[in-house]
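Visitor: Handing you this structure, nothing more for now.
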Amino acid sequence: MRTAMGVWRWRSNPLRRPTDLFEAWVAFAALVCVLVVAPAIGWVAGLQVDGTLQQAAHEQRQERHLVPAVVVRPAPEPDGDASADASAQRTAPHRTEIVAAWTAPDGSSHQGTVPAAEEPPRAGDRFRVWTDAHGRLVGQPLDPSAAVFHAGMAGLAAAVCVATLVETVRRLVVRRLMHRRYIRLDRAWAAAGPDWGRAGAGS
């Protein structure tokens, strides 16, 4: 509102310089971009990302299946150098690896190494794992609510980026205008300098 009033006030002010009105219009345009254009771009970007993620989530739910599995035995410890980074092993969270067996949606039987669902794991314990139609282990499908959250964050990021770009351009324009004003002031001062303070200089 102050920017809009500033533009209106400078229209008929007899003391305004040519650059004053231009600067006011630049500020007004930047305000419109920040309040209208940036949110609109963020909204569109969020909708586009949400559509893409929701489609991916739908495809994953169609292609991935939660199947029952059973603990066969603890997985053997991986071979490695005994002098490996022990401090990292102490600080990092550790989940027991087990060998599990499961039946794929297509009826094929599989065994593989997976993290234990419960600690400590016991042979015969039952749990569920995500697989594709052929029994290959896959990650959990993307949750629709998580897709909405990521889309919202993407839209917000797009809006912030646009607003930041607009403000950066505005500051560059104002800096350029200020530079031109100083150049004109220096020229005017140089022209008036030799006669400054002399009697009758203004007559």
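Visitor: Could you work out the local net charge near Gln54, counting Lys and Arg as +1, Asp and Glu as -1, over the other residues with Cβ closer than 12 Å to its Cβ?
Guide: -2
Visitor: Would you mind checking which residues have amide H under 5 Å from Val138's amide H? H placed 1.01 Å from N; only 5 or more apart, or other chain.
Guide: Here Trp130, Thr131, Asp132 satisfy the definition.
Visitor: Determine the sum of side-chain charges near Thr164: Lys and Arg each +1, Asp and Glu each -1, restricted to other residues whose C-beta is under 12 angstrom from that of Thr164.
Guide: Taking every Cβ under 12 Å from that of Thr164, the sum is +1.
Every read-out reported here was derived from the displayed coordinates using simple, explicitly stated rules and does not represent laboratory data. Bear in mind that the values here come from a model prediction, so they are computed numbers and not experimental data. Cβ sites come from the backbone with ideal geometry, for glycine too, and all protein chains shown count toward neighbours.
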